[in-house]
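Notes to accompany the following structure.
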């Protein structure tokens, strides 16, 4: 890493996240003016976007080669009052909470009170969503049965496709003109609506060109003042590049990166899409430029590496927008989930690994920063050499890259009806979510607390934490004679709550489609322009809505315990069990030890339990999969938790698997923490009994001590584990390589471990930023190499 | 192959230090030797025995005792072995029979080896070599690779530190060499006991004359099993010995390589 990159990286790491009102104030000014009096909603949104980009502060940091900040400076993070209007109390919490805080100065408070709240209160989509939900939904939400992604974050889950690297915004504008020309007012009842959408998209395209022009001007201005001749030349070049892209399609690596970065800024300024938008298959998308640059002698590979490293820093300068309430609990992190994909297969199905894939791995290894995150796609055609190179980075212990199964991803996409080409061009984003890059809106709608549903079933519809009846009366569980009777009751309860969730989704989707369309995002995702439809309204080629199941391990072990201890071996009857759970096993140590030690557990390749896991999986799948959404697509499932397993655990009393009250649930498809006693092959066998191909992503977390991977032999063994899992259709696996001792030290002396990054659940985070319970959980997670 | 039963004390999946690839290791209970440095003292006695569990209900509660030793049929063991077939195939791994001393339960071992071969699984026998030649004759065709321990060539010292003499061990080794078997020799490096120059030279010279020795693995002594001795109520005689340093291991490696042997540190 050269001096320039070192300095930029250092600045980025040390930038303290703060709350910036710039965007909120501009937006408020705009909506309070008369500018929107006579326009449709989409056009008003586009004009607002243009107003923002025309008036926001332009920031070029010292020495950087890729330019553009979302806020007025690095880590100055905007708010989105039209989505979530922070209360004064919210600001206080954001400013003072111990984890993932944002500093809020006095001026910000005053302006929020005087300007932002008075205008937006009651107008934000968050307020509208809660207003439109019925009693059942609110009760289930409050009880922690599910979360709601869209209550303060925009439905943004998508990834840039390759085509955006080959098109300038002038091309998009031409496409819009064609689409406008082709509108059929005689036969298409939606023609007028489409016209408004297309007009909005055109305005959004102009908006980003204005931003680029302003950066070009700023660079020119700085160049004039610059004393250092080398930097002067760089600034002049930056000015030229910003003058050329994103208006035109890029010609060089530098242009391609700057082109993408303007697009990225547009996406994250228009709305707080919060997760996942990223350049996708970066080694594929950049390769033509890379090859050409080298051939023409424009850049050496060392120079290209420097550009990539500067590009990396830009991601890290943009912390995820501040979250509050349940959303902060479910996704408690600064990371905005940009997951760079490397490897995989090409459009024709052949292996896609190229020289740039390896160069990008070098960049990841050297940068070691939180954002962007990275992953490698491994198909059966991927050379072991590439996987080994990636594992050598995994070994260094910062949780990147995570490892994905290309062949599984393709089959998942095909099963959902995508074309083979779109499937091969796809990948995974966010944590582990499968998507057709550049063609799909795949929205995560909320986490679903499977274990909580079991708890409510055991209590005949009552929430034992609050005593409130919120579920169906599915029968007095102490009267159940068989496990099947219990499971039938669970099924009814599950379907009841899934119905509530999906009904809510259908309303919330409509609110977003009508109130907060996203014309800029619509430019980028096929086929929104062609369809004349907004991205939030089903304009994309594919539209999927996900419900993410959480706690598969905990609910499986709980059901397994009931089957084994109550119904089959009659070690304890249901009434006694319920009492023990109610009392958090107080005075029942012997029972508790039996539940922990002498009851079959998921993750040990034991068919008794794994069959129950499959039963739960199938019921969850059947209750969600294929149910229509409001955008011409349908609902599907995946299994991942981000940090919600901590929150979901905090609303559940003790469970029959021996979990004490309010402790975290298991995460992803991993076994309950510490209950996998047969080693990693058994975990992988158990996890592979899930029908991964019916999901849009699953998450399996494994932890290894650094010693295990110290030599090449350890790397090979890890590679074999991965290859075996993927042969059995496993979707994803990630590794934390760190010793429990190190983690304990970090917990006690956080100031000495500021650089320690661990993989939490689908993403990496600084260990010291994690809550204490999550820190403890990571420490406790079974270390597979016990000797 | 007729169904047999045997006594084991552990089945370890994802064993990665007991031969090539990812393996499952079956630990037979019972051993004719009683080496001072034994890493698996719970495998020595050929009957069930109690061990104090590391688990405790409350701080001041009585200790929980676990029973060591599972009586199990060869079919049950094979079922367990086959669970990881996909990993063996991807990694060129297989099953390793270890202990204790598998030769102490000859029929059980023979049946397990034969069943494994029927399933096309790569087999390793990890042995002290202490058994009759007739047992070796029966199993030799079903073993793909021997991990064969050599500790001390001095008869008296061997008797002192392991409880048995070297006769059978050396006879069986030359039998296997004659039969052109694949053999990896394993030498535990215990400071002050097996690591004397004299012993290593003796072993080196002896091995240099044998053909079909693929490699010599030198295994640094470690103290990880000390707690187990206490929990079993056994005395750990090596409390005062420190594990050999990396430098010392390299020296030993060099010393043995002088005899034209291929040497690896660790298993």
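Descriptive notes on the structure:
- The residues in segment A:728-747 that are without any contact (Cβ under 8 Å) to a residue 40 or more places away in the chain and either surrounded by 20 or more Cβ atoms within 10 Å (Cβ to Cβ) or within 13 Å of another protein chain (Cβ to nearest Cβ) (or both) can be counted, and the count is 2.
- Test: residue in segment A:299-318 that is surrounded by fewer than 23 Cβ atoms within 10 Å (Cβ to Cβ) and under 14 Å from the mean Cα position of the chain (by Cα): no
- Hey, residue A:436 touching a residue at least 24 places away in the same chain (Cβ under 8 Å), buried (at least 24 other Cβ atoms within 10 Å of the Cβ), closer than 23 Å to residue A:530 by Cα and touching a helix residue (DSSP H, G or I) at 6+ places or on another chain (Cβ under 6 Å) or not: yes
- Where residue A:574 falls short, out of the listed (1) buried (at least 23 other Cβ atoms within 10 Å of the Cβ); (2) over 39 Å from the mean Cα position of the chain (by Cα): (1)
- Going through (1) touching a helix residue (DSSP H, G or I) at 6+ places or on another chain (Cβ under 7 Å); (2) surrounded by fewer than 21 Cβ atoms within 10 Å (Cβ to Cβ); (3) on the phi > 0 side of the Ramachandran plot one by one, residue B:122 falls short only on (3).
- Failed item in (1) in a strand (DSSP E or B); (2) within 14 Å of chain A (Cβ to nearest Cβ); (3) surrounded by fewer than 16 Cβ atoms within 10 Å (Cβ to Cβ); (4) at pLDDT 95 or above, with residue B:67 passing the rest: (4)
- Subset of segment B:20-38 (residues that are within 12 Å of chain A (Cβ to nearest Cβ), surrounded by 23 or more Cβ atoms within 10 Å (Cβ to Cβ) and more than 12 Å from residue A:717 (Cβ to Cβ)): B:24
- Which numbered condition residue B:226 misses (of (1) loosely packed, with under 15 Cβ neighbours inside 10 Å; (2) closer than 18 Å to residue B:151 by Cβ; (3) under 21 Å from the mean Cα position of the chain (by Cα)): (2)
- Test: residue in segment A:680-694 that is modelled with pLDDT of 85 or more, in a loop (DSSP other than H, G, I, E, B) and within 11 Å of chain B (Cβ to nearest Cβ): yes
- Conditions (1) in contact with a strand residue (DSSP E or B) (Cβ under 7 Å, 6 or more places away or on another chain); (2) outside the structural domain of residue A:660 (by TED's automatic domain parsing); (3) surrounded by fewer than 20 Cβ atoms within 10 Å (Cβ to Cβ); number of the one not met by residue A:424: (3)
- Residue under evaluation residue A:596, criteria (1) crowded, with 21+ Cβ neighbours inside 10 Å; (2) farther than 16 Å from residue A:450 by Cα, criterion not met: (1)
- Some residue of segment A:580-600 being more than 20 Å from residue A:477 (Cβ to Cβ) and more than 14 Å from every other protein chain (Cβ to nearest Cβ): yes
- Here residue A:626 passes the criteria (1) in contact (Cβ under 8 Å) with a residue 40 or more places away in the chain; (2) surrounded by fewer than 21 Cβ atoms within 10 Å (Cβ to Cβ); (3) not in a helix (DSSP H, G or I) except the one numbered (1).
- Failed criterion for residue A:165 (all others in (1) over 30 Å from residue A:8 (Cα atoms); (2) modelled with pLDDT of 95 or more; (3) buried (at least 17 other Cβ atoms within 10 Å of the Cβ) hold): (1)
- Search result, residues across segment B:222-239 that are at pLDDT 90 or above and in a loop (DSSP other than H, G, I, E, B): B:233, B:234, B:235, B:236, B:237, B:238
- Subset of segment B:5-19 that is touching a strand residue (DSSP E or B) at 6+ places or on another chain (Cβ under 7 Å) and over 28 Å from residue B:195 (Cβ atoms) - its residue that is farthest from the other protein chains (Cβ to nearest Cβ): B:5
- Of all residues making up segment B:245-257, the number that are exposed (fewer than 13 other Cβ atoms within 10 Å of the Cβ) and either over 23 Å from the mean Cα position of the chain (by Cα) or under 17 Å from residue B:20 (Cβ atoms) (or both): 2
- Close pairs from segment B:75-87: first more than 9 Å from every other protein chain (Cβ to nearest Cβ) and in contact (Cβ under 8 Å) with a residue 60 or more places away in the chain, partner outside any helix (DSSP H, G or I) and surrounded by fewer than 16 Cβ atoms within 10 Å (Cβ to Cβ), Cβ under 7 Å, at least 6 apart: B:75/B:3
- Qualifying residues in segment A:698-716 (those that are in contact with a helix residue (DSSP H, G or I) (Cβ under 8 Å, 6 or more places away or on another chain) and modelled with pLDDT of 90 or more) - the one farthest from the other protein chains (Cβ to nearest Cβ): A:698
- Just one of the listed residues (A:398, A:386, A:404) is in contact with a strand residue (DSSP E or B) (Cβ under 7 Å, 6 or more places away or on another chain) and in a strand (DSSP E or B), namely A:404.
- The one condition in (1) assigned to a helix (DSSP H, G or I); (2) farther than 28 Å from residue B:24 by Cβ; (3) touching a residue at least 12 places away in the same chain (Cβ under 8 Å) that residue A:613 fails to fulfil: (2)
- Condition broken by residue A:146, with the remaining ones in (1) under 30 Å from residue A:205 (Cβ atoms); (2) at pLDDT 95 or above satisfied: (1)
The values are calculated or read from the model by the stated rules, or taken from the named source; none is laboratory data. Just so it is clear, the structure is predicted and the values come from calculations on it, not from any experiment. So basically every Cβ, Gly included, is an ideal-geometry build from the backbone, and we count neighbours across all protein chains shown.
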